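The values are calculated or read from the model by the stated rules, or taken from the named source; none is laboratory data. In this text, all values refer to a predicted model and were calculated from it rather than measured experimentally. Cβ placement follows ideal geometry from the backbone for every residue including glycine, while neighbour counts extend to all protein chains displayed.
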């Protein structure tokens, strides 16, 4: 399992549009065979900050996600809504 946290800071006037675009992207992403889960989190004390938590079955599935029809639509739609560049942090599952 590969888990990716995508951190996004959105312009205040774009928060609602960002949420709509990202919810649409999440719905499409969940149809991909390699996506196990896709969560959108909004920071409570700063509603312009979001974390997308993406659960992929493996690294190949994460790469395939970026090749879908819906990913570039989302990426291009939200780019002007961002207050700064988004960044991601990748995590691996720890099994005991």
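Confirm whether residue 33 is at pLDDT 95 or above, surrounded by fewer than 15 Cβ atoms within 10 Å (Cβ to Cβ) and either on the phi > 0 side of the Ramachandran plot or touching a helix residue (DSSP H, G or I) at 6+ places or on another chain (Cβ under 8 Å) (or both). So residue 33 passes the test. Of the residues making up the stretch 44-68, those that are out of contact with any strand residue (DSSP E or B) (no Cβ under 7 Å at 6 or more places or on another chain), touching a residue at least 12 places away in the same chain (Cβ under 8 Å) and assigned to a loop (DSSP other than H, G, I, E, B) number 2. For the stretch 3-21, state whether one or more residues are within 29 Å of residue 94 (Cα to Cα) and surrounded by fewer than 14 Cβ atoms within 10 Å (Cβ to Cβ). No, the conditions are met nowhere in the stretch 3-21.
Just to be sure before I move on: is residue 41 outside any loop (DSSP other than H, G, I, E, B) and over 17 Å from residue 71 (Cα atoms) in the structure I sent? Yes: the conditions hold for residue 41. In the stretch 3-12 there is at least one residue that is modelled with pLDDT of 95 or more and assigned to a loop (DSSP other than H, G, I, E, B).
Taken together, the residues in the stretch 10-39 that are more than 12 Å from the chain's Cα centre (by Cα) and over 19 Å from residue 58 (Cα atoms) amount to 9.
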